[in-house]
Amino acid sequence: MANVFEAIIDYLMEITSQIGYIGVIAIVGLEYACFPMPSEIVLPFVGFLATSSKMSFIGVLIASTFAGILGSLVCYYIGYFGGKPVLDKIGHKVPSTRKSIFAAKETFEKYDKISVMIARVLPLARTYISIPAGIARMNIIKFILFSFIGIFVWNTVLISLGYYLGSNWTIVEQLMKKYTLFIGGPILVLILIFMIYKSK
């Protein structure tokens, strides 16, 4: 199964490099719609494309953020209309997602609505958090707003890494595995500071 997904990812990346922004929206949208594609591969690749094609850094960042919102809404409505059995079914059908689903549920239960933003910088929970939000019938405007902030921050970090590393963008996945807490920690602090500032 893993080899099948890898082949699909490779194919999608090849198509993305050929069709530009539409491809960026498609591949990033799928990742945020809980398709098992690691953002540590997809987003740095998108950043690299901005250095080797007619696309710009700002253009791919906007396209990827828009795609992230679309993909998140897909999962939100899956949770909204499907309820908890959907999470259980996904975990049963795709065993590799169980850890991510558990992390998403735990994060949502711990931080409630703000978790939709916080989880976007936590690799295990960042995409699946949309389903518990849908199950809880979170206000859609707040869901989009909190998602936008978290998605924009996460996409900016990974796309920037791919952009500045250029053809070496593939090392980002290894870097993220080793330094997830190092990178995610400061991002999380910045988000919390923003929320405190906005609440005043």
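The values are calculated or read from the model by the stated rules, or taken from the named source; none is laboratory data. Since this is a predicted model, take the numbers as computed values, not measurements. Reconstructed Cβ throughout: ideal geometry from the backbone, glycine too, with neighbour counts over all protein chains shown.
Among the candidates I41, I58, the residue that is modelled with pLDDT of 90 or more and either closer than 17 Å to S160 by Cβ or surrounded by 21 or more Cβ atoms within 10 Å (Cβ to Cβ) (or both) is uniquely I58.
Just checking, does segment 29-47 include any residue being over 24 Å from Y77 (Cβ atoms), of a type in the set (D, E) and touching a residue at least 60 places away in the same chain (Cβ under 8 Å)? Among the residues of segment 29-47, at least one is over 24 Å from Y77 (Cβ atoms), of a type in the set (D, E) and touching a residue at least 60 places away in the same chain (Cβ under 8 Å), which makes the answer yes.
For segment 23-59, which positions are outside any helix (DSSP H, G or I) and either more than 15 Å from the chain's Cα centre (by Cα) or β-branched (V, I, T) (or both)? Scanning segment 23-59 gives S53, K54, M55, S56. Does I129 fit the bill of being at pLDDT 65 or above and either out of contact with any Ser or Thr (no Cβ under 9 Å at 6 or more places or on another chain) or surrounded by 24 or more Cβ atoms within 10 Å (Cβ to Cβ) (or both)? Criteria met by I129.
Only one entry in I90, I159, I140 is in contact with a helix residue (DSSP H, G or I) (Cβ under 7 Å, 6 or more places away or on another chain), β-branched (V, I, T) and modelled with pLDDT of 70 or more, namely I159.
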